[in-house]
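Down below is the structure, laid out as structure tokens.
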Amino acid sequence: MVDTSVKETARGRAGTKRLHFDVSTGLKRVLGRELITDDEVAIFEMVKNSYDANATEVWLFFGESSVVIADNGCGMSLEDIQNKWLFVAYSSKREGRTGKDFRDVAADRSHYAGSKGVGRFSSDRLGQELILQSRPHGTRAKTVHLLTVDWQRFEKDDKEHFEQVPVTYAEAAEFELPAEMRRFGNKLRHGTVIELKRLRVHWDRQRLLELKASLAKLINPFGDGADSFSITIIAPGERQGDKQAEAKASKDDEDTVAGQIVNGQVGNFIFSALREKTTFIRVDIEDGHINTMLTDRGEIVYKIREPNPYKRLNHSGFRGEIYYLNRSAKVTFARRVGLPSVQFGSVFVFRNGFRVYPIGEDGDDWFGYNRRKQQGHSRFLGSREIIGRLDVFGSDEDFQEASSRNQGLIDSPAVRELREAFMEYCLKRLEKYVVPVSWVDKGESDTDDLSRLLTDDGRARVSAAVASLVDNDDVELLQYSKRLVGLLNERSEQFESSLVSLRSIAEKVGDASLLRRLEGAEKRFEELKKAEAEARKVADREREAAEAATGRAVIAEAAAKRSEAEAETERRRSSFLESVVSLDVKTILSLHHQATIYAVAIHQQIENLLAATADKKSIPREDVLKAVEQMAFLNRKVMAVTKFAARANFVLDSEKIKADFPAFIADYIDQIARTSGSARLKIELVNEHPGLEMTFNPMNAAIIVDNLISNARRARATRIKFELSPLERSGMVMKVSDNGNGIATGANKKRLFEMGYTTTHGSGLGLYHVRQVLGEMGGTIELDEDTERGAAFIIKVIGGKKPK
């Protein structure tokens, strides 16, 4: 609206007249090469135009002297070319696009990747001459409109008027495409083809590979087919190089091959694989709520819903997806993509389905999480640990890109909400799981499965993280993992603390069944503590009586008679002495003390089971299984004691010792397992570990070996092999393989380590006990599925140090 007082004043002045802007041909240079300062960005701008034209396919041809961008979009009529394409800075994309829901926007692309009407000048960055071919969709006319623009003619004289420089128009019956694009041309009924000639840059192999990698992040960097948009590169001059790259690359790794080849469809499907190997969070805003789902190595840990405080994002289609990259995931990423994840980028922002540059690029910190990480390196996630995508749909009023096309989004209230929502509900939510659950366990960074979290210690951490999250009246817990969040074994050191977390979760979801099981578990735990205390009292009394009867003098005399050679062997072997014919009195009393504790505890468990089931006609299998499991575990310890008593001069003043763990395992196999086993099963040992000092329970270590040998014997194996080797950063790997019948056909391999699950005629407790005791010492066990015959398991233990 014009101010009338100003208008009248202007009329009253003598000699006044209307003036107008005059545009010189130099505008082309400003809108072209000076605004679009990067060759890749220039290609992006032209691909964006294809996307905005509702194309489903774009083909990029790189010849010796030309570049062709062809799409199957809606195309242009002669009127469109005259009134829109040739109208500088005009964009039909701005017209009539407000008030739609983001789902409609995403479906019909009514919010566009570009909307300034200058993207067409990006072609000037690439070549001096442009030939445009276009045929509109939905018309019976077969005419292809041809427009030829010589950009050099705009540079002869900057004083010449922009509109005075002519462009050439003609008509054709069909699209004219290079022979190598015939497959695309045969099905091209409508769309636009732009050919650039007299190129300003040479597109060599390295430049094309970099372009392909960048295009993979432009749309669909996460292998999500929802965008229905594909980009294909054709470069005839690079086909020989592609063949050489294929020959050099690993035949087993298709992703690595794709990253080294120029020709073919652009895409990056590493992320679908990462979802099964690392922690992943997805957050979206819909219907006034923020919905969050966190997945860890394929397992949904939780789903929650809470009110959305960001009003400007209510109808924006906000959706964030972030992957936490532990060391294992980083190695997988680098191997398949061909470059480290940090060079690929971190969290990319997509506006209306298209990338906003340079957000997410290596070195960019638009969200500010790297500055934040400097304040707490061990508490916060930064660009080196995360990679992901943030989608938003909206108009320029809310989310507008800077005109330079590589400066991100212009600041606005909606953009500020976008940043805050990402930080508070995506990044920090991921942190609240990763830091207390994964970072506290050194071995988690090298693990691409849930084996370390399925132990009691791991499940306790997950339960605490979920409980902390839902300790808020606004948070509604919709779903949680029953595998990772549930009752621990009553023997676990974390049992009592986990009850608090589990009760909080059960009350949040109103799970009456879980609350009843918690009460039962608490009762069993109290009984277990009483049984253990009583067992120790009985054992202590018996030990005191035996010592009094024998006399301390006898013990001292027996100790004094040990030879110097035996003492030297004790120091050398850390845990064992050479086998002896008779054991000293102190050793006998020590082993008797342990056996008494376990035996009395078993007796008390039986009494508890009988008392709990009195007058009951039926008992739930789960209750019986838990009681039997406790007794079976204690019985395993009694059996281990008897083996120690027969072969080792081993003093157990406490249940845990500090010793060389691999050496202990090797000595136990060599001196006890071999001699106490059957002649039908040959036990082989290969120990290549230099040593790892740890604090551990020797009875638990014996249970690991004995259960694996027992399983092999039950599978009719004639040979079992233990191979011990070092693991990076102070750890041990033990591979245990046998030549038995293997895992039964149809067995659920994911359940092998669950209590009571068996594929043989066994109790289903052996592998469960192995995983439990390994979990207590920071170890894991997993099935080696690459074994052709028999069964094999990989055991990893991390956390010790090299012996002095």
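The values are calculated or read from the model by the stated rules, or taken from the named source; none is laboratory data. These numbers were taken from a predicted model, which means no experiment stands behind them. Quick reminder, even Gly has a Cβ in these numbers, built from the backbone with ideal geometry, and neighbours come from all protein chains shown. For the accessible areas, the whole protein counts, side chains as well, though only heavy atoms, and no ligand, DNA or RNA atoms are used. Shrake-Rupley method; radii C 1.70, N 1.55, O 1.52, S 1.80 Å.
Heavy-atom accessible area of His145 with all protein chains present, probe 1.4 Å, nearest 10 Å²?
About 20 Å², ignoring ligands and nucleic acids.
Tell me, what is the 1.4 Å probe accessible area of Asp446, in Å² to the nearest 10?
60
Quick one: if you take sqrt(5λ) for each eigenvalue of the C-alpha gyration tensor of the stretch 380-514, what semi-axes come out, biggest first, whole angstrom? Could the numbers behind the result be given before it?
Working: eigenvalues 284, 73, 21 Å².
They are 38, 19, 10 Å, listed from largest to smallest.
Counting other Cβ atoms within 10 Å, which GluC sites (Glu not before Pro) in the stretch 668-769 have at most 14 and lie in a DSSP loop?
Answer in residue order: Glu688, Glu728.
Measure off 7 Å from each Cα along the Cα-to-Cβ vector at Lys656 and Arg621, then give the distance between these two points in nanometres to one decimal.
The two pseudo-label positions are separated by 3.6 nm.
Roughly how big is the stretch 337-444's charge dipole about its Cα centre, with Cβ charges of +1 (Lys, Arg) and -1 (Asp, Glu), in debye to the nearest 20?
400
So how strong a dipole does the stretch 427-513 carry about its Cα centre when Lys and Arg Cβ are +1 and Asp and Glu Cβ are -1, to the nearest 20 debye?
For the stretch 427-513, the charge dipole is close to 80 debye.
Given a Förster radius of 56 Å and the C-beta distance between Leu515 and Lys248 as r, what FRET efficiency does 1/(1 + (r/R0)^6) yield to the nearest 0.05?
Given R0 = 56 Å and the Cβ-Cβ separation, E is 0.40.
Of Val349, Leu390, Tyr433, which is farthest towards the positive pole of the stretch 343-484's charge dipole, taken about the Cα centre with +1 and -1 on the beta-carbons of Lys, Arg and Asp, Glu respectively?
Tyr433
Could you work out how far apart the two model spin labels at Ala170 and Glu534 are, taking each label as a point 7 Å from the Cα in the direction of the beta carbon, and quote it in nm?
10.3
Expressed in nm to one decimal, what extension gain is obtained for the pair Lys303 and Lys442 from 0.36 nm per residue of sequence separation less their Cα-Cα distance?
Extending this stretch completely gives an extra 47.4 nm.
Filter the cross-link list Lys656/Lys750; Lys248/Lys735; Lys529/Lys750; Lys529/Lys616; Lys428/Lys796; Lys303/Lys432 down to pairs whose alpha-carbon distance in this structure exceeds 20 Å.
Details: Lys656/Lys750 31 Å; Lys248/Lys735 32 Å; Lys529/Lys750 32 Å; Lys529/Lys616 25 Å; Lys428/Lys796 31 Å; Lys303/Lys432 14 Å.
Over 20 Å apart, Cα to Cα: Lys656/Lys750; Lys248/Lys735; Lys529/Lys750; Lys529/Lys616; Lys428/Lys796.
With every protein chain left in place and a probe of 1.4 Å, what is the accessible surface of Trp439, to the nearest 10 Å²?
Its accessible surface works out to 80 Å², give or take rounding.
Just reorder His769, His315 by solvent-accessible area, largest first, 1.4 Å probe, all chains present. Could the numbers behind the result be given before it?
On the way: His769 5, His315 130 Å².
So the residues, ranked largest to smallest area, are His315, His769.
Taking amide H positions as placed 1.01 Å from N in the peptide plane, with prolines and chain starts having none, which residues 5 or more places from Thr232, or on another chain, fall under 5 Å of its amide H?
It is Val58, Trp59, Leu60, Val266, by chain and number.
What does the charge count near Arg239 come to, summing +1 for each Lys or Arg and -1 for each Asp or Glu among other residues with Cβ under 14 Å from its Cβ?
Neighbourhood net charge equals -3.
What ³J(HN,Hα) values, in whole Hz, does the Karplus curve 6.51 cos²θ - 1.76 cosθ + 1.60 give for the stretch 233-244 when θ = phi - 60°, with x put for Gly and Pro?
Using θ = phi - 60°, the values come out as 9, 10, 9, x, x, 10, 5, 5, x, 5, 5, 5 Hz.
If you add up the charges near Val686, with Lys and Arg at +1 and Asp and Glu at -1, over every other residue whose beta carbon is less than 12 angstrom from its beta carbon, what do you get?
-2
Cα gyration tensor of the stretch 396-448, axes a ≥ b ≥ c as square roots of the eigenvalues: rounded (a/c below 1.5), prolate (a/b > b/c) or oblate?
Judged from the Cα gyration tensor, the stretch 396-448 comes out prolate (a/c at least 1.5, a/b above b/c).
Let me know the shape class of the stretch 436-516, please: from the alpha-carbon gyration tensor, a ≥ b ≥ c as square roots of the eigenvalues, rounded when a/c is under 1.5, otherwise prolate if a/b is greater than b/c, or oblate.
Verdict is prolate for the stretch 436-516.
I want the local charge near Arg713. Using Cβ-Cβ distances under 12 Å, sum +1 for each Lys or Arg and -1 for each Asp or Glu among the other residues. The partial results should precede the final answer.
Details: positive: Arg680, Lys682, Arg714, Arg716, Arg719; negative: Asp706, Asp738.
Taking every other residue near Arg713 into account, the sum is +3.
Could you give the length gained by full extension between Val686 and Arg183, i.e. 0.36 nm per residue of separation minus their alpha carbon distance, to one decimal place? Before the final figure, lay out the partial values.
Values: separation 503, 0.36 × 503 = 181.08 nm, distance 5.93 nm.
Extending this stretch completely gives an extra 175.2 nm.
Please get the size of the charge dipole for the stretch 676-727, origin at its Cα centre, with Cβ charges of +1 on Lys and Arg and -1 on Asp and Glu, quoted in debye to the nearest 20.
On the way: 7 positive and 5 negative charges, 106 e Å.
Charge dipole, the stretch 676-727, about its Cα centre: 520 debye, nearest 20.
Please work out the FRET efficiency for the pair Arg379 and Lys84, using the Cβ-Cβ distance as r and a Förster radius of 30 Å; give the result to the nearest 0.05.
0.05
Report the label-to-label distance for Arg205 and Asp365 in nanometres (one decimal), using points 7 Å from each Cα along the Cα→Cβ vector.
Taking the simple label geometry, Arg205 and Asp365 are separated by 3.8 nm.
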